[in-house]
1. Looking at A:Ala342, A:Ala382, A:Ala375, A:Ala387, which one is within 13 Å of another protein chain (Cβ to nearest Cβ) and within 24 Å of the chain's Cα centre (by Cα)?
2. Take the residues in segment B:24-45 that are without any contact (Cβ under 8 Å) to a residue 24 or more places away in the chain and among the aliphatic types (A, V, I, L, M); name whichever of them is nearest to the other protein chains (Cβ to nearest Cβ).
3. Could you tell me which of the residues B:Ala60, B:Ala52 is in contact with a Cys (Cβ under 8 Å, 6 or more places away or on another chain), crowded, with 16+ Cβ neighbours inside 10 Å, of a type outside the set (Ser, Thr, Tyr) and within 14 Å of another protein chain (Cβ to nearest Cβ)?
4. Taking helices (runs of 4 or more DSSP H) that fall entirely within segment A:234-299, which contain at least 3 residues that are touching a residue at least 40 places away in the same chain (Cβ under 8 Å), β-branched (Val, Ile, Thr) and assigned by TED's automatic domain parsing to the domain that holds A:His91?
5. Within segment A:363-389, count every residue that is over 23 Å from B:Ile7 (Cβ atoms) and of a type outside the set (Ser, Thr, Tyr).
6. Can you tell me how many residues in segment A:285-303 are in contact with a helix residue (DSSP H, G or I) (Cβ under 8 Å, 6 or more places away or on another chain) and hydrophobic (A, V, I, L, M, F, W, C)?
7. Do the conditions hold for A:Leu96, that is, is it crowded, with 24+ Cβ neighbours inside 10 Å, more than 21 Å from A:Val190 (Cα to Cα) and more than 17 Å from the chain's Cα centre (by Cα)?
8. I'd like the full set of residues that are among the charged types (D, E, K, R) and within 22 Å of the chain's Cα centre (by Cα), limited to segment A:168-219.
Amino acid sequence: MTLPLDTRRLLAGPALDGTPERYAAHIARLGVLPLVGGRADLIGSLEASGLLGRGGAGFAVGRKWRALASRDGKDSAVVVANGAEGEPASHKDRTLMAHRPHLVIDGALLAAEAIGASEIVFYVGREHVAAVAAMKAAMAERKPELGKRAKIVLAPLGYVAGEATAVVNYINTGKGKPMTVPPRVSQRGVGKKPTLVQNVESLAYAALIARYGDAWYRMAGRLGSKGTALITLSGAVRDAGVWEIELGTTLGEVAEEAGAREDRTAAVLMGGYFGTWTTARDAWTMPLDPAAMKASGLAFGCGLLWLLPASACGVHATAQIIEYLADASAAQCGPCLFGLRALADATVRLAAGQPASGDLQLIERLIPQTAGRGACHHPDGAVGFMASALNVFGEDFEHHARTGRCSVTGTSGGVR
Amino acid sequence: MDQKLRIDWILCDGYSLCSPEAPEVIDLDEWGYPIIRPGVIAEHELKDVKRAVGACPMSALSLVPQDFDKRS
């Protein structure tokens, strides 16, 4: 069975017109929340569902909850619903919070019950104005259930603010920068308590799995990975925006439904700014399935799919993103601060038609040298992205380096 | 248990005092930050490596068991 391309589960219900679903409508549509104690084992159900975290790293949700629930000691824990969504081109978390805030709250309440947490923090990117307003209004409606144990914390701007240790650091100290691990946040997090940092989409799916069960969740999914997911289609596509797809749907199917064409697309950035450039040809037949993508050296990541038009230069697009990622370094670790800056400067020079001698060799050397040398995985994500740029746009990079001119547009400067 | 070098990258400020103590294990990048040779540290290298650990003014280097990151 193949489900409709836009398979609505989280996004079922009223139109996505910018207004949040109120609590009365939410329970009229989905019923009140079944709590873990009152029904079958939710953690087991999450494990059986195969639901993976949707913040980017893709860690199994059930396993994460199980580890916290079976912790040593009697300390109460903390649940952080992570809606920072610092990934600039991704819109799925802010869209979810702005329209279905009660699913996120349901998921956080279930997580708190399942792992024994006495505090819940809704961590929402301050720039996502509609999401912040929707979450605040929804929290007020849920006051009887949430009581004094829940609060909202507005995440600072920036790409790294949503990284789990940075989330905890910001809530604890007001400093939104990653910390050295170990200790993991699951051991010592918010207020030094064991902390579950879970992406808001993952929590919302947990709220549906709690109601309908893992077998229901697994009814969708064409290949190895079962279920559905939110994705953001962006770039050279007519109907850019957030879609909810059955896992295993190919990129080409969704992109064409949204008005894109393979012959008008040069490449697709799959998985986020930490993701992987893929030629349009390879991307078009690629199943959007975490297991299948992993087997192809890709990552589903946060579900971002950014289409580069055939008329644009990959070197230039890469320069803009690596420049952003270098600026996004928390500037705590030397190899990230200096390595990404040098990578970005060399790429920008190549893109601008002003290469210094040895720029391409510098980029090729810094990619392996920078990997793995930071407190968090920011440098690893950035150099992985750069390695994919050399794979897909290698000839263009060489042309830029050799001639100072753009192989796609014919201009010096590489700008369309 | 085999040991490995761990760098607290937030503490490390690139003083570059570690590498000269154990050049066969610790190289430096162009900004003076350490590059650790992959793999385990041999018995005969341990003395130099311990001196390198002691040389860091930020206490950013430490010797830890090989499976340090995997233990929860």
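The values are calculated or read from the model by the stated rules, or taken from the named source; none is laboratory data. The structure presented is a predicted model; accordingly, all values stated were derived computationally and were not measured. Cβ placement follows ideal geometry from the backbone for every residue including glycine, while neighbour counts extend to all protein chains displayed.
1. Working: A:Ala342 fails: within 24 Å of the chain's Cα centre (by Cα); A:Ala382 fails: within 13 Å of another protein chain (Cβ to nearest Cβ); A:Ala387 fails: within 13 Å of another protein chain (Cβ to nearest Cβ).
Within the list A:Ala342, A:Ala382, A:Ala375, A:Ala387, the selection yields A:Ala375.
2. B:Ile35
3. Numbers: B:Ala52 fails: within 14 Å of another protein chain (Cβ to nearest Cβ).
Within the list B:Ala60, B:Ala52, the selection yields B:Ala60.
4. Details: elements: A:251-257, A:280-284, A:290-295.
In segment A:234-299, no matching helices (runs of 4 or more DSSP H) lie anywhere.
5. First pass over segment A:363-389, keeping only residues over 23 Å from B:Ile7 (Cβ atoms): A:363-364, A:385, A:388-389.
Still in the list and also of a type outside the set (Ser, Thr, Tyr): A:363-364, A:385, A:389.
Going through segment A:363-389 one residue at a time, the tally reaches 4.
6. The qualifying residues number 5.
7. On the way: crowded, with 24+ Cβ neighbours inside 10 Å: yes; more than 21 Å from A:Val190 (Cα to Cα): yes; more than 17 Å from the chain's Cα centre (by Cα): no.
Answer is no for this residue.
8. Of segment A:168-219, the ones among the charged types (D, E, K, R) are A:175, A:177, A:184, A:188, A:192-193, A:201, A:211, A:214, A:218.
Matches in segment A:168-219: A:Lys175, A:Lys177, A:Arg184, A:Glu201, A:Arg218.
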